[in-house]
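Everything on this sheet refers to the single structure shown next.
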Amino acid sequence: MDRVLIVDFGSQVTQLIARRVRESGVYCEIVPFNQSAQAFADMDPKAVILSGGPNSVADIDTPRAPETILASGKPILGICYGQQTLCEQLGGQVEQSDEREFGRAFLNIQAASPLFDGVGEVGEQIQVWMSHGDRVNALPDGFTVIGTSENAPYAAIADEARKIYGVQFHPEVVHTPQGSQLLSNFVHNIAGCAGDWTMAAFRENAIADIRAQVGEGRVICGLSGGVDSSVVAVLLHEAIGEQLTCVYVDTGMMRAGESEQVVGLFRDHFNIRLIHNDASDLFLGKLEGVSDPEQKRKIIGGTFIDVFEAEANNIGGADFLAQGTLYPDVIESVSFTGGPSVTIKSHHNVGGLPERMNMKLVEPVRELFKDEVRALGRELGLPDSFVGRHPFPGPGLAIRIPGEITQEKLDILRKADIVYLDEIRKAGLYDEIWQAFAVLLPVRTVGVMGDSRTYDYVCALRAVTSTDGMTADYYPYEHSFLSRVSTRIINEVRGINRVVYDVTSKPPGTIEWE
């Protein structure tokens, strides 16, 4: 299988490069610049892409590409900062300029190049997305200009003989409409990648890898019912059968009907060995009187670990722990903490794996983005009701009830959530939305219902759009939809007398609500 290495210099949109490359059927991996030399040697990729980044090439001690990559003879594409360090390292010049470009710009195609096949003809102008202060002001030997913009005379450059290219704009973002074609041109036409990376091929390779890693060992998997752990469980069962035991811990803070759905699908339909532990009373007891969000999170995480460990001991232990770690988790872990941490995976990694459990990790989907995991789930035969369901955090409804958790609040919130999601499905919006949920605020208001005064809770509704959960924007409901949902919740859910809609966005690194 052909591979492409993406060297990450810290751009906020580096993941989008990988997404575009994978969408063209070519497997790729993102590696931080300071680990890229070793990754290049280990992977032996057919091509390398240098990402953008926040630094200035003109400053001292800013990141550079490994010389082994530049001298390798492999096709290279530098994007924004990647173009700048490419030029500086190969003998060109980069300057800090007062003529910056941020946002929409237009590229004038100056010369024919395989990079522009199907993108535009010489003399044409195409829309691109710029984000730079520095710019190239002298090219290395062997390079020519193939595109310019108003403030970037070297907006696209090429050394066709060595198959080295640089663009000042970002082809990976949707605001560069022909960007996907440009990246496809680079990996297919220039680098010669076959485009044979499919979910069927991944499934076959993953099963072989699991069998090679696990051997005759036993694997335990924490099954939450979410997309990630569900796909991992079915993939593992296909690979190793009875060597797998799944543990589903009901914390009492699950969505309505969650436990019945999980047990019915995995135990009855897929015939997977599943332990169902209803520990709701234990969790609620430990959370009694606790309001601090971080303390709640730690209590839930610690209790989950205790219950999970007890079940592992009951089956005589296991050699491996299976997790639904995804590629964004790997990228974040490597980039910001220096290496992956050993944790039991949830949306917020609520607890650490005790060293005394002495289990190795099996993470068969750690190379995939969220939408790719969904595609793998369909390949494995998981129903759309599971594959397409909205993400659900490890702490469950606990982070959707700011303040103390009580059974009464959980019951109220579940009923409101049922109504909300029912209306979303009726409107045909469920698959357009990345995640939608209700929140029971720690606020009570006075209201009038009929001839009576009420003193009940405020319910907040949230819905966001996203691709991989790293960033999100609120979903722009029509007013008639919000009116319909609010009316139903107030009429049908005793304990709520006011409904509001949250229109905040989710920048990188933020959590869902608290």
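The values are calculated or read from the model by the stated rules, or taken from the named source; none is laboratory data. Please read these numbers as outputs of a predicted model, since none were measured by experiment. Every residue, glycine among them, receives a Cβ derived from its backbone with ideal geometry; neighbour counts consider all protein chains shown. Side chains included, ligands, DNA and RNA excluded: accessible areas come from the protein's heavy atoms. Shrake-Rupley method; radii C 1.70, N 1.55, O 1.52, S 1.80 Å.
Please tell me if Glu372 is assigned to a helix (DSSP H, G or I), surrounded by fewer than 19 Cβ atoms within 10 Å (Cβ to Cβ) and not polar (S, T, N, Q). Against the criterion (assigned to a helix (DSSP H, G or I), surrounded by fewer than 19 Cβ atoms within 10 Å (Cβ to Cβ) and not polar (S, T, N, Q)), Glu372 does not qualify.
Taking residues in segment 33-49 that are in contact (Cβ under 8 Å) with a residue 60 or more places away in the chain and farther than 24 Å from Asn185 by Cβ, and partners anywhere that are surrounded by 16 or more Cβ atoms within 10 Å (Cβ to Cβ) and not hydroxyl-bearing (Ser, Thr, Tyr), the pairs with Cβ atoms closer than 9 Å and at least 6 places apart or on different chains are Gln35/Val334. When Leu5 is tested against (1) open to solvent by less than 20 Å² (accessible area, probe 1.4 Å); (2) without any contact (Cβ under 8 Å) to a residue 12 or more places away in the chain, just one condition goes unmet, and that condition is (2).
Every residue, every condition in (1) within 16 Å of Leu182 (Cβ to Cβ); (2) basic (Lys, Arg); (3) open to solvent by less than 70 Å² (accessible area, probe 1.4 Å); (4) modelled with pLDDT under 95, yes or no:
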{"position": "Arg100", "(1), (2), (3), (4)": "no, yes, no, yes"}
{"position": "Gly103", "(1), (2), (3), (4)": "no, no, yes, yes"}
{"position": "Ser113", "(1), (2), (3), (4)": "yes, no, yes, no"}
{"position": "Gly120", "(1), (2), (3), (4)": "yes, no, yes, yes"}
{"position": "Gln127", "(1), (2), (3), (4)": "yes, no, yes, yes"}
{"position": "Ser131", "(1), (2), (3), (4)": "no, no, yes, yes"}
{"position": "Val136", "(1), (2), (3), (4)": "no, no, yes, yes"}
{"position": "Ile146", "(1), (2), (3), (4)": "yes, no, yes, no"}
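In segment 271-285, the residues that are in contact (Cβ under 8 Å) with a residue 40 or more places away in the chain reach residues that are surrounded by 16 or more Cβ atoms within 10 Å (Cβ to Cβ) and small (Gly, Ala, Ser) with C-beta atoms within less than 9 angstrom, at least six apart or across chains, in these pairs: Leu274/Ala233; Leu284/Gly252.
Taken together, the residues in segment 218-251 that are open to solvent by less than 10 Å² (accessible area, probe 1.4 Å) and part of a loop (DSSP other than H, G, I, E, B) amount to 3.
If you check Leu440 against the conditions, is it assigned to a strand (DSSP E or B) and in contact with a Cys (Cβ under 8 Å, 6 or more places away or on another chain)? Yes; evaluated as a whole, the condition is true for this residue. All of His170, His175 fail the test of being closer than 22 Å to Ala18 by Cα, in a loop (DSSP other than H, G, I, E, B) and open to solvent by 30 Å² or more (accessible area, probe 1.4 Å), apart from His175. If you go through segment 255-311 and keep only what is outside any helix (DSSP H, G or I) and closer than 27 Å to Glu242 by Cβ, you end up with Phe270, Asn271, Ile272, Arg273, Leu274, Ile275, His276, Asn277, Asp278, Ala279.
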